[in-house]
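These notes are about the structure you will find just below.
Taken together, the values in this text are just the output of simple stated rules run on the coordinates, not laboratory data. As the structure is a computational prediction, the values presented were derived from the model and not from experiment. Here Cβ is always computed from backbone atoms with ideal geometry, including for glycine, and neighbour counts include all displayed protein chains.
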Amino acid sequence: MKAFINERKCPAKDEICLVLTSCPQNAIAYHPDKAARMGGRIEIDLDRCDGCGQCVADCCGKAIELR
Ligand code: SF4
Ligand code: SF4
């Protein structure tokens with residue numbers, strides 16, 4: 001299992017994103033992107049993700065699922 005983010009549910013603000021710090025594998029990062037709706041994106045590095053599910057529990061917008 002890996003974590004995937006539904007960008008439509010995510011406000012993509014690095015200052016409010018809880019999972020940037022709670023991922024034990026440091027697999028989640030914020031990337032500024034002027035082309036993105038909110039000016040940035042939260043990205044999950046699937047090579048690092050071990051499917052622990054911590055981000056699903058912590059996500060402020062219930063935007064992350066394991067599959
Ligand atoms: S906690 Fe979840 S919904 Fe909130 S900003 Fe981070 S990835 Fe997006
Ligand atoms: S499932 Fe675990 S390892 Fe994967 S991104 Fe979420 S918190 Fe990080």
| field | About the Cα centre, charge dipole magnitude for the chain (Lys/Arg +1, Asp/Glu -1 at Cβ), debye | value | 300 debye
| field | Listed residues A35, A12, A57, most fluctuating in the chain (Gaussian network, C-alpha, under 10 Å) | value | A35
| query | If you plug each phi of segment 31-47 into the Karplus form 6.51 cos²θ - 1.76 cosθ + 1.60 with θ = phi - 60°, what whole-Hz ³J(HN,Hα) values come out, in order, with x for Gly and Pro? | reply | 10, x, 8, 4, 7, 7, 3, 9, x, x, 9, 9, 10, 10, 7, 5, 5
| request: Please find, in a Gaussian network model of the chain (springs between Cα atoms separated by less than 10 Å), the residue of D50, D33, D14 whose mean-square fluctuation is greatest. | output: D33
| said: Per residue of segment 50-67, what does 6.51 cos²θ - 1.76 cosθ + 1.60 with θ = phi - 60° give for ³J(HN,Hα)? Whole Hz please, x for Gly and Pro, Karplus curve as stated. | reply: 10, x, 5, x, 4, 5, 4, 5, 9, 4, 5, x, 6, 9, 10, 9, 9, 8
| Regarding segment 3-66, what are the three Cα extents along the principal axes, ordered largest first, in Å? | 30, 21, 18
